[in-house]
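The values are calculated or read from the model by the stated rules, or taken from the named source; none is laboratory data. Quick caveat: nothing in here was measured; it's all calculated off a predicted structure. Ideal geometry is used to build each Cβ from the backbone, glycine not excepted, and the neighbour counts take in all protein chains shown. Just the protein is used for accessible areas: all its heavy atoms, side chains included, with ligands, DNA and RNA removed. Shrake-Rupley method; radii C 1.70, N 1.55, O 1.52, S 1.80 Å.
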Amino acid sequence: DVKISEEAVVNLTMPELSDGVDTAVFTATFKLADVAWTTAVEPAEASTAGCIAFPTSGSSKANAETEFLAVAKEGFTFDHWDVNGESVSTNALLQTTVTPLAEGESARIYKAIFRAG
């Protein structure tokens, strides 16, 4: 086996086959991509009051297990986690599988939603 390229698109001129060889086989090899993600806090005043979502950003292999933690400060209560606008969990510790990005999605946003009071 000979590696031809690491580019997704390859243009190549097919060379002549050796004597006695009547086919050429090309194989594309794929790997699981990294998924970039960030965390955020909502509403904005929860962030200024010290509520946090941790870690704040990073990346992991697609289909990897990852944990996120929401910490409510005085005057706020953790409500739930949103992932790109969809509610996914009411546990402050979100244990999830980071799935591959959807078409047109450049990063995954895990948002810790807090309530005042």
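List the trypsin sites (Lys or Arg not before Pro) within region 21-92 that DSSP assigns to loop and that have no more than 15 neighbouring Cβ atoms inside 10 Å. Please list the in-between numbers first.
On the way: sites: Lys31, Lys61, Lys73; in loops: Lys31, Lys73.
Answer in residue order: Lys31, Lys73.
Computed from backbone phi, the HN-Hα couplings of region 56-62 come to 7, 6, x, 8, 8, 5, 4 Hz, rounded to whole numbers (Karplus: 6.51 cos²θ - 1.76 cosθ + 1.60, θ = phi - 60°; Gly and Pro given as x).
Only aspartates and glutamates eight or more places from Lys73 in sequence, or on another chain, were considered; those with a Cα closer than 20 Å are Glu42, Glu45, Asp82.
Amide H contacts under 5 Å for Asn84: Ile109, Lys111, restricted to partners 5 or more places along the chain or on a different chain, H placed in the peptide plane at 1.01 Å from N. Ordering Thr27, Pro100, Phe114 by the projection of their Cα atoms onto the charge dipole of the chain, which places +1 on the Cβ of Lys and Arg and -1 on the Cβ of Asp and Glu, puts Phe114 at the extreme positive end. Under 5 Å between amide hydrogens, built in the peptide plane, is the criterion, and for Ala64 it picks out Val98 among residues at least 5 positions away or on other chains.
Charging the Cβ of each Asp and Glu at -1 and of each Lys and Arg at +1, and nothing else, the dipole of the chain about its Cα centre rounds to 560 debye. Annotation for region 1-56: chymotrypsin sites (Phe, Trp or Tyr not before Pro) lying in DSSP loop with at most 14 further Cβ atoms inside 10 Å of their Cβ are Phe26, Phe30. Protein heavy-atom surface of the chain, 1.4 angstrom probe: 52% of the accessible area is carbon and sulfur, with nucleic acids and ligands not counted. Measuring gaps between exposed loop sites in the chain (GluC sites (Glu not before Pro); DSSP loop; at most 15 other Cβ atoms within 10 Å), the longest gap, sites not included, is 17-73.
With semi-axes √(5λ) of the Cα gyration tensor in Å as the read-out, I listed (i) 48, 12, 10; (ii) 29, 15, 11; (iii) 29, 23, 14; which label goes with the value calculated from this structure? From the options (i) 48, 12, 10; (ii) 29, 15, 11; (iii) 29, 23, 14, the structure gives (i).
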